[in-house]
Amino acid sequence: MSRIDDAFRRIRAEKRTGLITYVTAGDPSLAMTADILKRIDAAGADVLEVGVPFSDPLADGPVIQRATERALAGGATLAGVLDMIAGVRSDIRAPIVIFSYANPILRMGLDAFVSRAREVGVDGVLTLDVPPEESGEWRRRFRSAGIDTIFLLSPTTTVERIRRAGALGSGFLYGISRLGVTGARETVADSAEALAVRVRHETSMPLALGFGVSRPEHVRAIGQWADAAVVGSALVNVIAEHGGKPDLLDQVERYVRWLQS
Amino acid sequence: MSTNWFGRRDPDARGYFGEFGGRFVPETLVAPIEALEREYLDARRDPAFSTELDRLLRHYVGRPTPLWEAARLGTACGGVRVFLKREDLTHTGAHKINNALGQALLAKRMGKTRIVAETGAGQHGVASATACALLGLECVVYMGTEDMRRQALNVFRMRLLGARVEGVDSGSRTLKDAINEAMRDWVARPDDTHYLLGSALGPHPYPLMVREFQSVIGREARQQCLEQAGRLPDAVIACVGGGSNAIGIFDAFIDDPTVRLIGVEAGGEAITPGRHAARFAGGAAGILQGTRTWVLQDAHGNIEPTHSISAGLDYAAVGPEHAYLESTARAEYHYATDADALAGFQELARLEGIIPALESAHAIAYLRRAARDFGPDAVLLVNLSGRGDKDVQTVEGLLKEADRVAN
């Protein structure tokens with residue numbers, strides 16, 4: 001039973017909508033990311049996604065692209081992100097999911113990455129550009145280290161591939177509730193419900209829905225169809241706005257609490 | 001590696017050439033790419049599709065393009081016989097049109113109404129805008145702002161042809177960033193949009209599809225060489241950015257073991273990080289923009305900036321089939337520097353009355369070394385992938401600068 005399984009079991013037992021947060025590690029600095037993660041955890045988030053900055057984030061919209069550029073300019077690397085997690089793991093209750101593009105992991109070496117990730121207490125890995133069909137090696141090594149492999153689903157994902165992701169993945173499935181790159185939107189798309197219904201029909205694995213979540217009503221809306229909502233760009237925006245200011249951590253904690261209100 | 005319906009060398013069912021290739025894309029792109037693969041494989045078996053493409057290539061593009069024996073250049077290179085495959089004489093002035101028309105026809109067949117494309121030197125953007133004008137498709141071309149500056153003439157040509165040119169101001173503001181942006185566009189609008197990728201790069205089936213649309217170059221050139229030289233060439237030489245003109249001419253010769261296949265990458269100013277685009281000289285295996293291949297990257301897996309005098313070769317990854325051909329030693333890859341290319345550019349103009357694209361000038365520049373290696377009587381076939389009108393301003397600036405420094 002992984003820490004991620006526990007988190008979703010608790011969410012279901014408490015009959016509430018879980019909250020998953022994404023932050024780009026290293027924005028504004030890795031030291032600040034460590035403190036941000038502790039505050040988000042204290043504010044009650046159920047799963048923490050930690051984004052590894054990459055030079056070519058082709059699945060991301062402008063907000064996360066800019067955060068990535070700031071993080072890279074500050075010298076953040078995959079190795080540095082894992083070191084940072086090592087430093088905060090014991091202070092954080094929530095499971096931690098590494099959110100990365102394939103190349104930084106491949107460059108470190110799959111074996112070296114898996115062994116270090118296990119050592120520092122990473123609970124799951126979502127590799128944006130490694131769909132189930134390409135995930136064989138990755139999945140086997142993650143599983144042998146007790147790390148969950150999280151897959152994305154989108155409104156264009158076929159039923160057959162939903163089944164495949166359900167069978168091959170573990171922990172939870174991450175549904176992208178609309179097309180396009182990451183970014184906060186005013187309302188949650190209708191396609192979120194349609195996707196959730198299709199996923200529910202195929203698998204009982206916990207489902208999180210994201211892309212476009214920025215307000216508590218979005219979280220509540222998603223709660224009608226899924227186990228948890230993912231907030232990414234909107235939170236990265238809060239960090240960007242308050243990045244250099246003394247109230248950054250308070251703002252982050254307040255925002256994460258507000259989303260759950 | 002499996003053999004396909006036509007007995008040609010196809011990647012395996014997952015799009016791998018050996019250990020290179022594959023389909024490393026965000027989830028949202030999987031369904032549109034699978035649909036594209038189905039439609040492409042279907043179109044490839046459909047005689048009506050190839051008949052229509054052949055008609056366009058013949059009467060609109062002007063194929064077959066000539067094979068020109070560059071006798072004065074051959075003499076200057078020490079007595080070798082040099083044959084130039086004149087892709088510069090196609091409509092729009094580069095080999096890019098072969099693939100652009102093929103994919104635009106495919107997009108129409110799929111019922112798409114909108115095309116997005118990336119461009120580096122602008123030749124693929126011009127070819128895409130041309131194909132869209134001809135076939136009545138909306139066209140949006142993403143182009144790095146640095147490249148828009150370097151290739152202003154082509155920006156204007158695309159606009160004349162009715163395309164919208166979107167400047168990309170992220171990253172290095174060159175080809176790689178334009179591809180990121182084109183993919184982001186496609187992710188958001190997969191239903192009505194086809195992504196017309198211009199090189200033998202990206203996720204499966206693009207490397208296969210682009211090779212097949214470009215393989216007409218090699219088929220013609222092989223036949224023409226047999227007719228004119230009376231034998232196969234000793235080497236086929238082509239510049240390699242993503243590698244579509246090279247794979248297009250190599251393809252017909254892969255089963256000819258006596259023919260050496262030589263790709264020429266952009267050596268830029270020096271083989272130090274950020275100053276070149278010679279992936280086999282300074283790269284490592286990695287995953288970029290959908291495919292596993294050789295990539296210029298730093299110790300942490302971030303993509304390194306690149307430099308080349310030619311925007312079309314200024315890219316951090318190479319097409320996966322080239323990585324495969326290199327791994328099996330079927331093809332070899334060398335580089336020519338900016339200075340070499342500039343010299344090749346001028347030499348071809350003066351000796352043959354042909355102004356090549358700066359990209360193609362890298363292949364011309366390599367001729368002298370090849371001539372030394374092969375000795376007199378060698379037959380060397382060079383793909384002259386494009387013409388140099390787009391580059392004359394850049395070259396004028398560089399030559400003035402060189403004069404100023406010299407004096």
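The values are calculated or read from the model by the stated rules, or taken from the named source; none is laboratory data. All of these numbers come straight from a predicted model, not from anything done at the bench. Ideal geometry is used to build each Cβ from the backbone, glycine not excepted, and the neighbour counts take in all protein chains shown.
Scanning region B:368-398 for residues that are closer than 15 Å to B:Glu347 by Cβ and in contact with a Pro (Cβ under 7 Å, 6 or more places away or on another chain), we see that the one that is surrounded by the fewest Cβ atoms within 10 Å (Cβ to Cβ) is B:Gly388. Among all residues of region B:259-274, there is none that is of a type outside the set (Phe, Trp, Tyr), within 14 Å of chain A (Cβ to nearest Cβ) and in contact with a Leu (Cβ under 7 Å, 6 or more places away or on another chain). Look at (1) surrounded by 23 or more Cβ atoms within 10 Å (Cβ to Cβ); (2) modelled with pLDDT of 95 or more; (3) touching a Lys or Arg at 6+ places or on another chain (Cβ under 7 Å) and you find that A:Phe211 fails only one, number (2).
Take the conditions in contact (Cβ under 8 Å) with a residue 60 or more places away in the chain, at negative phi and in contact with a Pro (Cβ under 8 Å, 6 or more places away or on another chain) and apply them to B:Val318. Does it pass?
Values: in contact (Cβ under 8 Å) with a residue 60 or more places away in the chain: yes; at negative phi: yes; in contact with a Pro (Cβ under 8 Å, 6 or more places away or on another chain): no.
Against the criterion (in contact (Cβ under 8 Å) with a residue 60 or more places away in the chain, at negative phi and in contact with a Pro (Cβ under 8 Å, 6 or more places away or on another chain)), B:Val318 does not qualify.
Assess whether A:Gly146 counts as being in a loop (DSSP other than H, G, I, E, B), modelled with pLDDT of 95 or more, surrounded by fewer than 17 Cβ atoms within 10 Å (Cβ to Cβ) and away from chain B (no Cβ under 14 Å).
In short, yes.
The single condition among (1) modelled with pLDDT under 95; (2) surrounded by 14 or more Cβ atoms within 10 Å (Cβ to Cβ) that B:Leu57 does not satisfy is (1). Of everything in region B:298-313 that is among the hydrophobic types (A, V, I, L, M, F, W, C) and at the interface with chain A (Cβ under 9 Å from one of its Cβ atoms), the residue that is surrounded by the fewest Cβ atoms within 10 Å (Cβ to Cβ) is B:Ala299.
Residue check: B:Glu34 meets all listed conditions (1) within 21 Å of the chain's Cα centre (by Cα); (2) under 20 Å from B:Ala107 (Cα atoms); (3) within 12 Å of chain A (Cβ to nearest Cβ) but one, namely (1).
Scan region A:90-104 residue by residue and report those that are closer than 17 Å to A:Gly171 by Cβ and not polar (S, T, N, Q). Answer for region A:90-104, where residues must be closer than 17 Å to A:Gly171 by Cβ and not polar (S, T, N, Q): A:Ile92, A:Arg93, A:Ala94, A:Pro95, A:Ile96, A:Val97, A:Ile98, A:Phe99.
Listed by position, the helices (runs of 4 or more DSSP H) inside region A:1-88 whose residues that are in contact (Cβ under 8 Å) with a residue 60 or more places away in the chain number at least 1 are A:3-13, A:30-42, A:62-73. Suppose we filter B:Phe213, B:Phe156 for residues that are within 19 Å of B:Asn245 (Cα to Cα) and of a type in the set (Phe, Trp, Tyr); which single one remains? None of the other options fit; the residue is B:Phe213. Which is touching a residue at least 24 places away in the same chain (Cβ under 8 Å) and farther than 18 Å from B:Ile249 by Cα, of B:Arg368, B:Arg404, B:Arg350, B:Arg387? Residue meeting the stated conditions: B:Arg368. Of the numbered criteria (1) at pLDDT 90 or above; (2) away from every other protein chain (no Cβ under 14 Å); (3) crowded, with 20+ Cβ neighbours inside 10 Å, the one A:Val188 fails is (1). Considering B:Ala316, B:Ala285, B:Ala235, the condition of being more than 14 Å from every other protein chain (Cβ to nearest Cβ) and not hydroxyl-bearing (Ser, Thr, Tyr) is satisfied by B:Ala235 alone.
Given the options A:Glu119, A:Glu137, A:Glu133, name the one that is surrounded by fewer than 19 Cβ atoms within 10 Å (Cβ to Cβ), facing chain B (nearest Cβ under 10 Å) and of a type outside the set (Phe, Trp, Tyr). Give the steps one after another, and end with the answer.
Numbers: A:Glu119 fails: facing chain B (nearest Cβ under 10 Å); A:Glu137 fails: facing chain B (nearest Cβ under 10 Å).
Exactly one of A:Glu119, A:Glu137, A:Glu133 is surrounded by fewer than 19 Cβ atoms within 10 Å (Cβ to Cβ), facing chain B (nearest Cβ under 10 Å) and of a type outside the set (Phe, Trp, Tyr), namely A:Glu133.
The one condition from (1) touching a Phe, Trp or Tyr at 6+ places or on another chain (Cβ under 8 Å); (2) surrounded by 24 or more Cβ atoms within 10 Å (Cβ to Cβ); (3) within 13 Å of chain B (Cβ to nearest Cβ) that A:Leu110 does not meet is (2).
Taking residues in region B:213-233 that are surrounded by 14 or more Cβ atoms within 10 Å (Cβ to Cβ), and partners anywhere that are at pLDDT below 95, the pairs with Cβ atoms closer than 9 Å and at least 6 places apart or on different chains are B:Ser215/B:Arg8.
Quick one: which of B:Ile115, B:Ile33 is outside any helix (DSSP H, G or I) and in contact (Cβ under 8 Å) with a residue 40 or more places away in the chain? Sole residue among the options that is outside any helix (DSSP H, G or I) and in contact (Cβ under 8 Å) with a residue 40 or more places away in the chain: B:Ile115.
Pairs linking a residue in region B:136-158 that is touching a residue at least 40 places away in the same chain (Cβ under 8 Å) to a residue that is part of a strand (DSSP E or B) and of a type in the set (Lys, Arg), with Cβ atoms under 8 Å and 6 or more positions apart or on different chains, are B:Val140/B:Arg114; B:Val140/B:Arg164.
Selection of first residues in region A:157-178 that are within 11 Å of another protein chain (Cβ to nearest Cβ) and of second residues that are among the hydroxyl-bearing types (Ser, Thr, Tyr) and crowded, with 24+ Cβ neighbours inside 10 Å, restricted to Cβ pairs under 7 Å at least 6 apart or on distinct chains, gives the following pairs, ordered by first then second residue: A:Ile176/A:Ser154; A:Ile176/B:Thr28.
Would region B:371-393 turn up any residue that is aromatic (Phe, Trp, Tyr), part of a helix (DSSP H, G or I) and within 23 Å of B:Ala94 (Cα to Cα)?
no
Tallying residues that are without any contact (Cβ under 8 Å) to a residue 24 or more places away in the chain and of a type in the set (Lys, Arg) within region B:49-92 yields 2. The condition (being surrounded by 24 or more Cβ atoms within 10 Å (Cβ to Cβ), of a type in the set (Gly, Ala, Ser) and more than 20 Å from the chain's Cα centre (by Cα)) is satisfied by just one residue among B:Ala163, B:Ala200: B:Ala163. Among the residues of region B:175-198, is there at least one that is of a type in the set (Gly, Ala, Ser) and either touching a helix residue (DSSP H, G or I) at 6+ places or on another chain (Cβ under 6 Å) or more than 12 Å from chain A (Cβ to nearest Cβ) (or both)? Checked region B:175-198: at least one residue is of a type in the set (Gly, Ala, Ser) and either touching a helix residue (DSSP H, G or I) at 6+ places or on another chain (Cβ under 6 Å) or more than 12 Å from chain A (Cβ to nearest Cβ) (or both).
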